[in-house]
Amino acid sequence: MSGGRNRKVAHLMTLLVSDVLTSRERIGVEHAELARQQRRARRIRETIENLGPFWVKVGQILATRSDVVSDAVLRELAGLQDSVHCEPFDVFEPVLRQELGPRWRAKFREIDTVSPLGSASLAQVYRVVLADGRTAVLKVQRPGTRERVYADMASLRRAARIAGRAVPRIGAVLDIEATLQVIFDCMQPELDFTAEAKHMAQGQRMARDFKGIHIPDVYLATPRVLLQSLAPGEALNKADLSVFSDKQRRRIGSDLLTFMYRGYFVERMFHADPHPGNIFVHPEHGATLIDWGMVGRIDRNLGSLGVMVLTSLAQNDARGLASAWTEMGRATPFADLLGFQEDMTRLVPLITAAALEDLDFGIALTNVLRCAAQRGIRTSPMIGMLGKSITNIEGSVRRIAPELSALEVFEDALTDVMVELARDLLSREQTARRVLELIVAGNSTVDQLRSLLRDLANRELTMRVGLLPGHGMGSDGNGILTRRVAPVLAAGLAVWGVRRLAAGGALARGG
Amino acid sequence: MTREDPRPLRVLLRSRDGRLLDLEDGGRDVTLEEFRARLQTGERLRVRHETTGGDCTLDLLLQLVATCLPKEGGLLGLLGDGGTR
Ligand SMILES: Nc1ncnc2c1ncn2[C@@H]1O[C@H](COP(=O)(O)OP(=O)(O)O)[C@@H](O)[C@H]1O
């Protein structure tokens, strides 16, 4: 039994490794090879579905790695079905008893056991009415989940290490340990719902400034049971948008984008999977984001570099993008930096034009990610997740408000980001204030700002910015400069960049 | 650090002659000093330009930083110490 499972895992690894290796040559691939890739991709998906929930999660995470797997696999994984059948409520009753005590039923007036709301990989979700009359959503983990997942994790780790040793070239594009860590971190909230509840609490704090963005209230959370308020309205992929006014649609769209941008750049914690099924919309109430199992976290350096990448994109600046990206990742011994810059020179004008019109920053990021990998630059797995999250939210927003101007929302969101960061800066950081002052007072150009930012992000705290000729600055022992200033500069830069673009160079007046 | 209540967004108006007006407070003048203080207490502020209607929050932030900081050490302060004070 377990031998058969191990064989399947080994088979999956072999398929994946071949895919990773052949997907390096994306350009000029022959027809026969494409067909072979396609067949292999389908087998990969089938094997994953066959192996069960944990592997489905692994597949979903792989689906964020356009730098690692082929297009064929990306496409197949997007259609990954949690082919779990709906199980009868009886199966879940023991879990409820163990988690909530023998009198668990007293908490509920009604449980719709006949038609569960959802049958997710590791849990089943029911609509319930609480004893006090409120309608709520009850998520119960499938029995035996934890043991199974731990066993699966161990076998994934083993298999990945074997594959890594057997095919060292894999290491050129994929940081196996970091990727495993991301996968295991993502699994944690599925195994312990109190972790998801914590994400939701954090999400609620982030949403408090938005009248139209909501996160369900958590009524009760134990490791295997989560009880939350029912999101009003319908999921964005099912909702009838004709009952929304234009103003309501636009409001929701721009709130969603702004909320997510704040997550990416201010809070540096974000909903990893804001696809239309996870966003409930209601004309008056606005949007509710559900399913906080998977969140991404970005450290400060990555955050500021990320903003730089977006800014460079918005500014149509291939060179800037190439260098920001290279710093965000790690150049492997096989890296071809010049080639990467050439790719960007070719690619950036194309994606810039598309990104600004069609709200496609996510896809743009994904494209860059892929080029980087082909040129031997290894990028943090978090960037894949960020790209996926941006792609998802942009897709969702396009659905509800296709006419939204990406440029306006981006600028608006970043003004918000900037205000928050400036507050932070003004309130607490003497040193950082002076640095900002220096930048404002000096006739800094975007290029100078960028090089300053790069230094900060690289933790090289010598300020050789050229603002003050010939002066270096003492190092900042606490790293306060890095932590506080870099994101501010980054955000500022982004806003300036976009404004310059929008105003056709009008911003040049200051510097 | 956590502010639980939703903070209302307050929109100030930047008049043609550069003054800052709080329309929700009877069109009263808001000094830069007050703007800074309000920002620091956690108020959500946005600034719109009277004539263009455009958002000029950022310009004000930059002005704020530029004008109120030199009093506290100026450019040279930066060279004195790079660390915390
Ligand atoms: N708060 C909620 N309000 C309304 N429906 C919900 C809510 N939470 C979950 N659902 C429904 O249940 C389904 C599965 O829930 P989800 O949280 O996505 O589980 P999982 O993380 O295990 O996939 C969702 O697709 C949605 O239709």
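Computed quantities for the displayed model
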item: Given (1) open to solvent by 50 Å² or more (accessible area, probe 1.4 Å); (2) within 22 Å of the chain's Cα centre (by Cα), index of the condition A:Arg146 fails; result: (2)
item: Pairs, first without any contact (Cβ under 8 Å) to a residue 40 or more places away in the chain in region A:47-65, second open to solvent by 20 Å² or more (accessible area, probe 1.4 Å) and in a helix (DSSP H, G or I), C-beta under 7 Å, six or more apart; result: A:Thr47/A:Lys8; A:Thr47/A:His11
item: Residue identified as modelled with pLDDT of 85 or more, within 13 Å of chain A (Cβ to nearest Cβ) and part of a loop (DSSP other than H, G, I, E, B) among B:Thr52, B:Thr84, B:Thr2; result: B:Thr52
item: Hey, A:Gly203 within 28 Å of A:Ala413 (Cα to Cα), away from the ligand (no atom under 16 Å from the Cβ) and crowded, with 17+ Cβ neighbours inside 10 Å or not; result: no
item: Scope region B:9-41; condition exposed (fewer than 11 other Cβ atoms within 10 Å of the Cβ) and at the interface with chain A (Cβ under 10 Å from one of its Cβ atoms); matching residues; result: B:Thr41
item: Lone unmet requirement of (1) within 19 Å of the chain's Cα centre (by Cα); (2) under 18 Å from A:Val140 (Cα atoms) for A:Leu117; result: (1)
item: Any hit, region A:21-39, residues being crowded, with 20+ Cβ neighbours inside 10 Å and either of a type in the set (D, E, K, R) or under 30 Å from A:Arg224 (Cα atoms) (or both); result: no
item: Some residue of region A:234-254 being more than 16 Å from the ligand (Cβ to nearest atom) and open to solvent by less than 10 Å² (accessible area, probe 1.4 Å); result: yes
item: Residue match in region A:161-178 (condition: away from the ligand (no atom under 14 Å from the Cβ), open to solvent by less than 40 Å² (accessible area, probe 1.4 Å), under 18 Å from A:Val295 (Cβ atoms) and of a type in the set (A, V, I, L, M)); result: yes
item: The listed residue being aromatic (Phe, Trp, Tyr) and away from the ligand (no atom under 16 Å from the Cβ), out of A:Phe193, A:Phe210; result: A:Phe210
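The values are calculated or read from the model by the stated rules, or taken from the named source; none is laboratory data. The shown structure was predicted, so the numbers you read here are calculated from the model rather than taken from an experiment. All Cβ positions, glycine included, derive from the backbone under ideal geometry; neighbour counts span all protein chains shown. Ligands, DNA and RNA are excluded from the accessible area calculation, which covers all protein heavy atoms including side chains. Shrake-Rupley method; radii C 1.70, N 1.55, O 1.52, S 1.80 Å.
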